[in-house]
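Enquirer: Structure incoming, see below.
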Amino acid sequence: MPPHPAASAEQTRVETYEQLAGEVLTVPARLGRTRLVAVDGPSGAGKSLFAAHLADALAAATGQRPPLVHTDDLLDGWADQLTFWPRLENDVLAPLRHGRPGAYRRYDWRREAFDPRPVPVPVAPVLILEGVTAARAAVRPELSLAVFVTAPPALRLARALRRDGEQILPELRRWHGIEQEHHRTDGTRAAADVVVDGAAVEPDPGGAGPAFDPRLHFLRLP
């Protein structure tokens, strides 16, 4: 599969998830004993699928699947898009920084409340943090790898509506504006170690589900 045309203006490199997993394991841990990998980018870009494939590749390489934390699970509803971070810091990052396991409560978007059962986050060689603002400036000194996944706006919108339904469109449009402004002021993409063509991560928004493609299409590798 050729890279998306959006990649044409930038240097493009193709690797496999297996190769990227191997590179992650060679980078020093900066969050205590844990290599923190942040997968950021706008909604609908393909972050969750990318993170899952990378977790699979790391599991194959080490025999241990890394914990994967989605920032959407930490949000206290739509209005908490940027302000959830202290919850992540106190419950997950701070314990891991000191070599202790963390835990968090997952937000139930249907009930509009946090589940009382904690989700454990063990001390592991790698932790993948996925979601909008996951690679924000506040955590960059502790990141072993910062990934920014991008895709054309029309494709991202189609994916989000297919996943969550047309009823979320008013909130989604507000969300898009906030995340765009955050990424601009935070310089998230410019600070990323890897920029990934999300159109290649999930190429068929109208199908029953994309076949797994082990290749990664990097728009830029600084």
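The values are calculated or read from the model by the stated rules, or taken from the named source; none is laboratory data. Computed from a predicted structure; not experimentally measured. We place every Cβ from the backbone using ideal geometry, glycine too, and count neighbours over all the protein chains shown. Note: areas computed on protein heavy atoms with side chains; ligands, DNA, RNA excluded. Shrake-Rupley method; radii C 1.70, N 1.55, O 1.52, S 1.80 Å.
Enquirer: Which length gain, in nm to one decimal place, applies between T26 and Q64 when the Cα-Cα distance is subtracted from 0.36 nm times their residue separation?
Expert: 12.1 nm
Enquirer: Rounded to the nearest 0.05, what FRET efficiency do E112 and Q180 give with R0 = 35 Å and r taken as the Cβ-Cβ distance? Could you check?
Expert: Numbers: r = 25 Å, r/R0 = 0.72.
Calculated value: 0.85.
Enquirer: Can you tell me the length gained on complete extension of the stretch L82 to D164, counting 0.36 nm per residue apart and subtracting the Cα distance?
Expert: Extra length available between L82 and D164 comes to 27.5 nm.
Enquirer: If each of R33 and R173 carries a label point 7 Å out from its Cα toward its Cβ, how far apart are those two points in nm?
Expert: Placing both labels 7 Å beyond Cα along the Cβ direction yields 5.1 nm.
Enquirer: Sticking with this one: What is the sum of charges around R215, taking Lys and Arg as +1, Asp and Glu as -1, for the other residues whose C-beta is under 11 Å from the C-beta of R215?
Expert: Charge balance near R215 sits at -3.
Enquirer: Another question, then. Based on the Kirkwood radius over alpha-carbon pairs, what is the Stokes-Einstein translational diffusion coefficient of the chain at 20 °C with 1.002 mPa s viscosity, in µm²/s? The partial results should precede the final answer.
Expert: Details: Rh = 17.8 Å.
D, rounded to a whole number, is 120 µm²/s.
Enquirer: Let me ask you something else. Where the only charges are on Cβ atoms (+1 Lys, Arg; -1 Asp, Glu), what is the dipole of the chain about its Cα centre, to the nearest 20 debye?
Expert: Value, rounded to 20: 380 debye.
Enquirer: Okay, next question. How many percent of the accessible area of the chain is carbon or sulfur, using a 1.4 Å probe?
Expert: Roughly 54 percent, rounded to a whole number.
Enquirer: Further, regarding this structure: Once the other residues with Cβ under 13 Å from the Cβ of G32 are scored (Lys, Arg +1; Asp, Glu -1), what is the net sum? Each step should come with its number before you reach the end.
Expert: Details: positive: R30, R33, R35, R97, R100; negative: E142.
With Lys, Arg at +1 and Asp, Glu at -1, the neighbours total +4.
Enquirer: Evaluate the distance, in nm, between pseudo-label points positioned 7 Å from the Cα of A52 and of A137 along their respective Cα→Cβ axes.
Expert: So the two model labels end up 3.4 nm from each other.
Enquirer: Moving on. Which of the DSSP-defined H helices in the chain satisfy a minimum axial length of 15 Å, computed from C-alpha atoms, and a minimum mean Kyte-Doolittle hydropathy of -1.0?
Expert: The answer, listed by residue number, is 47-62, 153-164.
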